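Structure first, commentary second.
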Amino acid sequence: MRLLICLVSWLLLCCCWRTRAEIFTSIGQMTDLLYTEKELVHSLRDYIKAEELKLAEVKSWARKLDDLTRISTSDPEGYLAHPVNAYKLMKRLNTEWSQLESLVLQNPSDGFISNMTMHRQYFPDAEDEKGAAKALMRLQDTYHLDSEDFSKGRLPGMHSNAVLTVDDCYDMGKTAYNEGDYYHAVLWMQQSLKQLDAGEEAVVSKAAILDYLSYSVYQMGDLPRAIELTRRLVAIEPSHQRAGGNLRYFEKLLLKVQSEEEPTNQPASEEPIQLGTYVRPKDHLPEREIYEALCRGEQDGMTEARRSRLFCRYQDGSRNPRLLLKPMKEEDEWDSPHIVRYLEALSDYEIGKIKEMAKPRLARATVRDPKTGVLTTANYRVSKSAWLEEEDDPVIGRVNQRIQDITGLTVDTAELLQVANYGVGGQYEPHFDFSRKDEPDAFKRLGTGNRVATFLNYMSDVEAGGATVFPDFGAVIQPKKGTAVFWYNLFKSGEGDYRTRHAACPVLVGSKWVSNKWIHERGQEFLRPCGLTEVD
């Protein structure tokens with residue numbers, strides 16, 4: 001029986017081996033295996049290619065960023081002085097580094113990701129990138145800069161290799177579009193399209209640009225051009241989700257408009273859209289045009305007759321002991337209201353020390369809400385500021401004492417020394433330093449009365465832009481490192497001098513540093529006695 005079982009088992013084993021041998025020696029099925037193997041090899045090569053492409057892309061990023069950081073860190077302030085460089089830094093750290101992070105995460109690299117995570121908390125976010133884009137648009141408006149000049153790095157008085165690509169211009173336009181700012185959306189989408197048509201490589205498609213551009217043009221009221229652009233979009237992408245419906249709507253709307261007006265049959269303009277093609281919508285600022293013209297150096301109210309009434313002198317603070325041996329050099333900037341400039345008001349050492357103390361404390365500058373009296377941020381003031389007190393460093397005490405000696409006013413009731421830094425597009429639109437009758441509680445918490453005077457130190461030169469302007473009478477005061485300007489906000493009667501409404505023009509090229517002292521009424525009663533009339 002045992003022999004029979006062994007024999008049966010051997011026969012079964014032979015049958016099993018024979019069956020597997022037949023399968024693997026079948027030519028037909030072996031060829032199938034060859035094709036399977038070939039498919040696996042293709043898959044393997046695709047995997048290797050994908051890894052190599054990823055590595056090559058990472059190497060390309062590394063080379064580009066290595067060159068970029070070598071240039072930028074050789075002169076950080078000079079590099080960031082160009083608004084395009086500042087915008088692209090915001091965009092790069094918020095958007096492009098995220099793309100690189102995603103690329104590396106496809107095959108995680110613990111060292112890089114942990115590094116990235118550690119530094120990510122300090123990167124600008126989407127709001128910062130949007131702010132930088134809006135700053136470029138603000139500069140474009142104020143200084144009448146064409147989108148093409150901006151994209152090629154051509155700014156007044158300078159040319160650089162800081163350029164905006166097709167995708168950069170598209171992102172600028174999209175930022176404006178998402179804000180409902182169709183005027184700037186048109187300008188930047190048009191520039192993006194122009195560069196794409198010129199053969200520049202881009203990630204964004206022409207269809208995507210035309211989609212935004214056509215609708216933005218429609219929002220600007222140019223139906224013929226909106227129809228022409230939408231037709232181009234349909235020709236490129238017939239199945240586009242919105243294009244067909246938009247085109248029918250635009251055409252129907254145009255027929256309705258033409259039926260209600262005198263028929264003109266005017267075709268869509270073939271002229272490229274540029275600055276001036278459409279009128280910029282009005283905004284909250286009544287003196288917008290005057291303010292921006294002054295920033296450009298136009299409409300300066302200085303005349304030869306007025307200039308002849310301006311003088312320079314040595315100021316000893318009414319024989320102040322600290323100024324007797326070294327009086328201040330004082331120059332008239334304007335006769336009425338009287339604005340003066342002091343030369344050598346701050347030394348380079350003092351400027352450096354003040355900036356050193358302020359940098360770690362810089363935060364988005366605030367303004368006082370006229371209704372609540374609470375400090376808050378506002379779109380019309382774009383800068384970062386810090387407040388310094390005498391306990392911080394002896395330099396602050398010396399600066400405060402100097403201001404008191406020069407002006408003859410006490411600073412005991414003045415606000416702390418405020419340091420402000422205006423970067424890309426940094427500005428402070430026309431405003432009053434003093435509180436008006438409709439905001440009586442603006443400085444109630446301070447208990448020191450209204451702001452009687454302003455003492456403004458310029459702590460840097462600015463390559464372009466950044467002037468202090470007074471739209472009411474057309475004064476333009478250029479920043480000059482180490483100098484200071486001074487004016488009274490209130491008449492001797494305590495009434496506000498509404499002529500002193502002023503603004504800090506957007507910084508076009510450079511980094512503007514200032515520090516200011518707002519001097520209040522209390523304590524000045526015997527230093528600046530009341531006048532006999534409201535306007536004394």
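The values are calculated or read from the model by the stated rules, or taken from the named source; none is laboratory data. Keep in mind it's a predicted model, so treat the numbers as computed, not measured. Glycine gets a Cβ as well: all are built from the backbone with ideal geometry, and neighbour counts include every protein chain shown. Just the protein is used for accessible areas: all its heavy atoms, side chains included, with ligands, DNA and RNA removed. Shrake-Rupley method; radii C 1.70, N 1.55, O 1.52, S 1.80 Å.
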> When both residues are 6+ apart or on different chains and their Cβ atoms are under 6 Å apart, which pairs have a first residue that lies in segment 67-82 and is more than 14 Å from Val509 (Cα to Cα), and a second that is open to solvent by less than 70 Å² (accessible area, probe 1.4 Å)?
Replying inline: Ser72/Tyr79
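Given segment 416-521, what strands (runs of 3 or more DSSP E) lie entirely inside it while holding 1 or more residues that are open to solvent by 10 Å² or more (accessible area, probe 1.4 Å)? Write out each step before concluding.
Details: elements: 417-422, 427-431, 451-458, 468-470, 475-477, 484-488, 502-504, 507-509, 512-520.
Passing ranges, in order: 417-422, 427-431, 451-458, 475-477, 484-488, 502-504, 512-520.
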> Given (1) closer than 30 Å to Ser151 by Cβ; (2) surrounded by 11 or more Cβ atoms within 10 Å (Cβ to Cβ); (3) not hydrophobic (A, V, I, L, M, F, W, C), where does Pro327 come up short, assuming only one miss?
Replying inline: (1)
> Quick one: Tyr314 ticks every box in (1) modelled with pLDDT of 90 or more; (2) surrounded by fewer than 14 Cβ atoms within 10 Å (Cβ to Cβ); (3) outside any strand (DSSP E or B) bar one, so which box is it?
Replying inline: (3)
> In segment 317-337, what residues are closer than 19 Å to Gln404 by Cβ, assigned to a loop (DSSP other than H, G, I, E, B) and touching a strand residue (DSSP E or B) at 6+ places or on another chain (Cβ under 7 Å)?
Replying inline: Pro327
> Do we find a residue being among the polar types (S, T, N, Q) and open to solvent by 30 Å² or more (accessible area, probe 1.4 Å) anywhere in segment 201-212?
Replying inline: yes
>> One residue is enough: does segment 104-113 have a residue meeting the conditions open to solvent by less than 70 Å² (accessible area, probe 1.4 Å), aromatic (Phe, Trp, Tyr), modelled with pLDDT under 80 and in a helix (DSSP H, G or I)?
In response: yes
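Answer yes if at least one residue in segment 115-132 is modelled with pLDDT under 80, surrounded by fewer than 13 Cβ atoms within 10 Å (Cβ to Cβ) and acidic (Asp, Glu), and no otherwise.
Let us first name the residues in segment 115-132 that are modelled with pLDDT under 80, namely 115-124.
Then drop every residue that is not surrounded by fewer than 13 Cβ atoms within 10 Å (Cβ to Cβ), which leaves 115, 117-119, 121-122.
Within this subset, residues satisfying the condition of being acidic (Asp, Glu) are none.
No: zero hits.
Residue-wise test of (1) among the β-branched types (Val, Ile, Thr); (2) farther than 22 Å from Glu96 by Cβ; (3) touching a residue at least 12 places away in the same chain (Cβ under 8 Å); (4) open to solvent by 50 Å² or more (accessible area, probe 1.4 Å).
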{"site": "Arg138", "(1), (2), (3), (4)": "no, yes, yes, no"}
{"site": "Phe150", "(1), (2), (3), (4)": "no, no, yes, no"}
{"site": "Met158", "(1), (2), (3), (4)": "no, yes, yes, yes"}
{"site": "Asn161", "(1), (2), (3), (4)": "no, no, no, yes"}
{"site": "Leu164", "(1), (2), (3), (4)": "no, no, yes, no"}
{"site": "Asp168", "(1), (2), (3), (4)": "no, no, yes, no"}
{"site": "Met172", "(1), (2), (3), (4)": "no, no, yes, no"}
{"site": "Thr175", "(1), (2), (3), (4)": "yes, no, yes, no"}
{"site": "Tyr182", "(1), (2), (3), (4)": "no, yes, yes, yes"}
> In this structure, does Lys91 turn out to be in contact with an Asp or Glu (Cβ under 6 Å, 6 or more places away or on another chain) and either modelled with pLDDT under 70 or within 30 Å of Leu164 (Cβ to Cβ) (or both)?
Replying inline: yes
